[in-house]
Amino acid sequence: MRKFGLIGKKLGHSFSKKYFTEKFTREGINDAVYDLYELESIEAFPALLAREPELVGLNVTVPYKEVVIPFLDELDPAAARIGAVNTIRIQNGRKTGYNTDYIGFKHTLEKFFPVQPGAKALVLGTGGASKAVVAALDALQIAHTYVSRNPPAGGVTYEELNQEMLAAHQLIINTTPLGMYPATEACPPLPYEHLTPAHYLYDLVYNPENTTFMQKGAAAGAQVMNGLDMLYQQADAAWAIWNRR
């Protein structure tokens, strides 16, 4: 039996087990199972591998997409460039890290947002998911600004956001877990009163499917999208990686 799974700190929000279990049933894949592995810290990762020698593939979620890298033997070039991993292939004891968040986000953004010259995006958050998002924005030539409580150089704080800055950035992407189940009332602290029908709000959170961030955007007439389609795309890309010969 081949084992696959997801590592993270709190996994009650995850759809991955349901998604892969249904996929295995639907496609008649009888030699695979998918489980959730909550780790109190990334230092518990080697013990998990020792305890589950049948593991051949893992997904990685917050907060371990960056800190798992030193525990791996190799990085796919794209994952190395992004600096974050959400998929691990285990073959003959070697652990190779990949980033399929990039694939899932780029494909879904191209369907959602009309990319035009001069387009600008605000990227909320600076964690591992934001790195894949920024790599996709760079590939699509969409200029971006990080927004965080402790922004990197060139970024801004939430307090610095104003009507002028929102007017200059049509696309706003939430890469933080704010609003994720069970704390569904939470949302990034934006000046939502300055949103307009010209804005596009993309929330990487997918549980709930209609987050507070999205509700506030829709109330202003903005286009909104959650991360569910991105989840499907990155999961299918991970499955392809795990099954490469």
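Bear in mind that the values in this text are calculations on the coordinates, not laboratory data. All of these numbers come straight from a predicted model, not from anything done at the bench. Here the Cβ is made from the backbone with ideal geometry for all residues, glycine too, and neighbour counts use every protein chain on show.
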Query raised in the report: Remind me, relative contact order of the stretch 188-238 in percent, using alpha carbon pairs under 8 angstrom and six or more residues apart?
Result: 40
Report task. Choose one answer from S14, S148, S41: the residue with the largest mean-square fluctuation in a GNM of the chain with alpha-carbon springs under 10 Å. Result -> S41
Query raised in the report: Going by average Cβ neighbours within 10 Å, how do the peptides 24-35, 56-67, 135-146 rank, with the highest at the top?
Result: 56-67, 135-146, 24-35
Query raised in the report: Please state the relative contact order of the stretch 108-175 as a whole percent: Cα pairs under 8 Å, 6+ residues apart?
Result: 42
Query raised in the report: For the stretch 98-174, what class follows from the C-alpha gyration tensor (a ≥ b ≥ c being the square roots of its eigenvalues): rounded when a/c is under 1.5, otherwise prolate if a/b is larger than b/c, else oblate?
Result: oblate
Report task. Among A218, A119, A153, determine the one that fluctuates most according to a GNM of the chain built with springs between C-alpha atoms less than 10 Å apart. Result -> A153
Query raised in the report: For the stretch 228-236, in order, what is each residue's ³J(HN,Hα) by Karplus, 6.51 cos²θ - 1.76 cosθ + 1.60 with θ = phi - 60°, in whole Hz (x at glycine and Pro)?
Result: 5, 5, 4, 4, 4, 5, 6, 5, 5
Query - Tilt relative to the chain, helix 101-112 - C-alpha long axis, 0 to 90 degrees, to 10 - result: 40
Query raised in the report: What is the calculated FRET efficiency for E159 to D31, with r their C-beta to C-beta distance and R₀ = 45 Å, to the nearest 0.05?
Result: 0.25
Query raised in the report: Each residue of the stretch 121-128 in order: what ³J(HN,Hα) in whole Hz does its phi give by Karplus 6.51 cos²θ - 1.76 cosθ + 1.60, θ = phi - 60°, with x for Gly and Pro?
Result: 10, 9, 10, 8, x, 10, x, x
Query raised in the report: Treating the beta-carbon of each Lys and Arg as +1 and of each Asp and Glu as -1, no other charges, what is the dipole magnitude of the stretch 2-99 about its Cα centre, to the nearest 20 debye?
Result: 220
Report task. Evaluate the relative contact order of the chain (contact order divided by residue number), counting alpha-carbon pairs under 8 angstrom at least 6 apart; express in whole percent. Result -> 15
Report task. Work from the charge dipole of the stretch 124-213 (Cβ charges, +1 for Lys and Arg, -1 for Asp and Glu, about the Cα centre) and give the residue of V134, V205, I172 farthest towards its positive end. Result -> V134
**Report entry** Residue among V68, A119, T25 farthest towards the positive dipole end of the stretch 1-120, charges placed on Cβ
**Finding:** A119
Query raised in the report: Out of the stretch 115-203, which trypsin sites (Lys or Arg not before Pro) are coil in DSSP terms and have no more than 11 other C-beta atoms within 10 Å?
Result: R149
Requested in this report: Name the residues whose placed amide hydrogens come within less than 5 Å of the amide hydrogen of K95, ignoring near sequence neighbours (fewer than 5 apart) on the same chain.
Outcome: D73, E74
Query raised in the report: In debye, nearest 20: dipole of the chain around its Cα centre with unit charges on the Cβ of K, R (+) and D, E (-)?
Result: 540
**Report entry** Computed over the chain, the ratio Rg/Rh where both radii use C-alpha atoms and Rh is Kirkwood
**Finding:** 0.98
Query raised in the report: Build a GNM of the chain with springs between Cα atoms under 10 Å: which of Q215, Q116, Q170 gets the top mean-square fluctuation?
Result: Q116
